[in-house]
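S.K.: My questions all concern the structure below.
The values are calculated or read from the model by the stated rules, or taken from the named source; none is laboratory data. Since the structure is predicted, the reported quantities are computational estimates derived from the model, not experimental observations. Every residue, glycine among them, receives a Cβ derived from its backbone with ideal geometry; neighbour counts consider all protein chains shown. These area figures cover heavy atoms from the full protein model, side chains too; ligands, DNA and RNA do not enter into them. Shrake-Rupley method; radii C 1.70, N 1.55, O 1.52, S 1.80 Å.
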Amino acid sequence: MKKFEFPLDKVLSVRKYKNDEAEIELGKAVSRLEVLEGELNNIAVLYSEIPLKYSGLSDINDLSQLENYTLFLNTKKEDLLKQITAAKLVVEEKRKLYIEAHKELKVLENLKEKAMNEYKKNVTREQDNVLDDIINSHKY
């Protein structure tokens with residue numbers, strides 16, 4: 001009996017490649033989002049340190065520096081929030097693409113599995129027929 005061959009193997013390999021690529025792209029997008037969220041957490045830590053570092057200031061230059069520093073942190077925070085929002089949209093888009101690629105891959109994998117099961121049934125049936133023929137030929 002000939003070896004099992006799935007007629008859509010090339011299509012299956014292309015879909016596996018697309019699935020892997022979509023998974024990699026999703027991973028990159030999630031990683032980028034995590035980096036941005038980490039930077040935002042760093043800004044929050046810097047905000048929390050302001051009262052400790054600048055308590056008891058009375059010099060106008062120091063107070064001016066504190067105000068500039070606070071404005072810088074606010075600007076940085078707003079920029080990060082915009083980047084995080086955009087990154088979340090990208091992650092969602094990449095997630096949808098990955099889910100679609102994964103569904104397409106699963107469809108073909110299921111078809112291959114059904115074809116393999118059918119092939120195994122046929123092989124078993126043929127082997128049973130051969131064995132029956134051998135047993136029947138020895139009786140006569």
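S.K.: Evaluate the charge dipole of region 44-140 about its Cα centre and quote only its size in Debye, nearest 20, assuming +1 on the Cβ of each Lys and Arg and -1 on the Cβ of each Asp and Glu.
M.R.: 340
S.K.: Setting aside same-chain residues fewer than 8 positions from LYS120, which aspartates and glutamates have a Cα under 17 Å from its Cα?
M.R.: Counting by Cα, and skipping residues close in sequence, LYS120 has these aspartates and glutamates nearby: GLU5, GLU109, ASP128.
S.K.: Run the accessible area of the chain with a 1.4 Å probe and give the carbon-and-sulfur part as a rounded percent.
M.R.: Ligands and nucleic acids excluded, carbon and sulfur reach 56 percent.
S.K.: Cut-off under 15 Å on the C-alpha distance; same-chain residues fewer than 8 positions from LYS106 excluded. Which aspartates and glutamates are left, in chain and number order?
M.R.: ASP9, ASP20, GLU23
S.K.: In degrees from 0 to 90, rounded to the nearest 10, what is the angle of the helix 60-139 Cα long axis to the longest principal axis of the chain?
M.R.: 10
S.K.: Quick check for you: with a 1.4 Å probe and neighbouring chains kept, what is the accessible area per residue of region 62-140, in Å²?
M.R.: So region 62-140 comes to 78 Å² accessible per residue, rounded to a whole number.
S.K.: In straight Cα distance, which lysines are under 24 Å from LYS88, not counting same-chain residues fewer than 8 positions off?
M.R.: LYS18, LYS28, LYS76, LYS77, LYS96, LYS103
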